[in-house]
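The values are calculated or read from the model by the stated rules, or taken from the named source; none is laboratory data. Because the structure is a prediction, the values reported are computed rather than measured. Methodologically, a virtual Cβ is constructed for each residue, glycine included, from the backbone with ideal geometry; neighbour enumeration extends over all protein chains shown. Keep in mind that these areas ignore ligands, DNA and RNA; they rest on the heavy atoms of the full protein, side chains included. Shrake-Rupley method; radii C 1.70, N 1.55, O 1.52, S 1.80 Å.
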Amino acid sequence: MSTDTAAPEARTTLVALVWNYASAIVATVLQLCYTAYTARVVLPENFGAFAAAAAATTVLGYVAGAGLATYLLRAEQLTRPTVRTAYRVSLLSGVFCCVVSQLVAAPAAALWGLPEIRPMVQLYGLYFLTQPASLVAVAALRRMDRARFCAVTETGAQFVGMAAGAVLLELGWSPYGLVISQVVTPTVVLVVAGVRLARLPLADGPPVPAGEMLRISGAFAGYGMIQMTAADVSLWAVTRFFGSAAGGQFSRASLAVNLPVVVLCQSLRRAVMPSLARINAEGRSLATVLPDVLSAASAVAFISFGVLAGVGPAALELLLGPGWGQAGALVPVLALGAPLVLLCQVSYAADEIRKAMGSLLRTQSLVLVATVVVAALSVTVGHSMVLVAAAASVAAGVGHVEQLVRWHRSEVCPLSSLVRPYAVHASLGAALYASGQLASGYGSGPVSQVVHGLLGMVPVALVCVALRRRLPLYSAAVSRGLVTG
């Protein structure tokens, strides 16, 4: 692909990525503030019950969404009939999942060993009435390159949902206010994004049968269910074998790490998938851009989570207050493995765009099996939450290695093009972690430890600035014309 052809796609992706990350930063700050508040008004055992209820309905969330967002993002041409069919499918699937959530509440409570989650699972059913349609509206807008509008809308809706939850918690609705917050957010997104989408011109086209859409999008939903089941295995193991209070501690630590994982992963996927879809539709090889995408993802992942691992325990103590010491101890373990989780999940986009659904299924099944095996060994042999925390990271690493080897053999992404970027970015992340961890030890309290830790990372940052022309991410940006050399 020539530079003239690649530059517009790269710039479009960059603009979307900037807006996604800007909103992600704001959303993360909001989530941290909300987490700090809820940690002081919701007991660990109650938060563990809430986390179990949320995990128990995760699979239903993917059934409700029916993979429609991925279907629309990778659509080679977005037409009005396509959007209308997606809306109809989302409405039906949402109502179906709302009904099912009422029926599975009792079995879910028995599976988790927590009778108190039954009403919370039932309350979560309301979430499915608007969440699928909100995903359709936002995905269609992103496919039309309305990244800025989507970023602002989703961030604003998140604030409204958190505010509603906080009010209910203040009124004594603990932990039900946490569930209501989840219900309000997609409702606001649907109202705002749906109105905006209805006012935009869309190309006419032939009718799109719901069955045809479900055949493709349903496959995406199935893969999502496998992926989220793997993510919930560790929480289930901790809650079932160590109790709801331990589950609350584990879920707080997981939230502190998974929040940036989800935000960064979604931002990367949303930014690159429209461009990858256009490249694939034009018959061009993804090998021309995929190494740059994964290089950028590795830089974001290793550097971000190196910082989090270095100051995470002190920062979580400052954020949550007293009583959450176990959660802080788990943060470095989760953060050091988080880059593998993010890279594996971002890489799913390439197989989705290429319609290599069999390969995607094999990778996700491998990750699920590895997670179950490591988690089972952790609770039966190791009897340690720390080992359970490492399960998802080990499994994601196995899955990503399988992806890279398979792509190398099929010439989708040469393995040699990623060895140096991964090694350099992992070294930077390790250096940030080590310097932050060492410097934070000189602090006398959580605030002092965070400040010392961040200051300890400054020399590493200065070296990166001085040697930026040797960094893979900077070199790729120069070669694409996104920055001057």
For the chain, with every protein chain kept in place, what is the accessible area per residue (1.4 Å probe, Å²)?
42
Amide H to amide H, which residues 5 or more places from G323 or on other chains are under 5 Å from it, using H placed in the peptide plane?
none
What whole-number volume per residue, in cubic angstrom, does the convex hull of the C-alpha atoms of the chain give?
135
So for each of 439-445, 123-129 I average, over its residues, the number of other beta carbons within 10 Å; can you give me the resulting order with the highest mean first?
123-129, 439-445
Per the 1.4 Å probe, what fraction of the accessible area of the chain, in percent, lies on carbon and sulfur atoms?
69
Calculated from DSSP helices alone, with each H run of at least 4 adding -39500 (n - 2.57) and the total divided by the residues of the chain, [θ]222 nm to the nearest 500 comes to -28500 deg cm²/dmol
Long-range alpha-carbon pairs in the range 411-455, meaning those over 12 Å apart, account in percent for 65
Largest-first ranking of H425, H383 by accessible area, probe 1.4 Å, whole protein assembly kept, is H383, H425
Peptides 162-172, 325-335, 245-255: what's the order by average Cβ count within 10 Å, highest mean first?
245-255, 325-335, 162-172
Debye calculation, C-alpha points only, no solvent: report log10 I(q)/I(0) for the range 159-200 at q = 0.30, 0.35 Å⁻¹, in the same order as the q values.
-0.89, -1.05
For the range 147-277, take the convex hull of the Cα atoms, compute a quarter of its surface area, and give me that in nm², please.
11.0
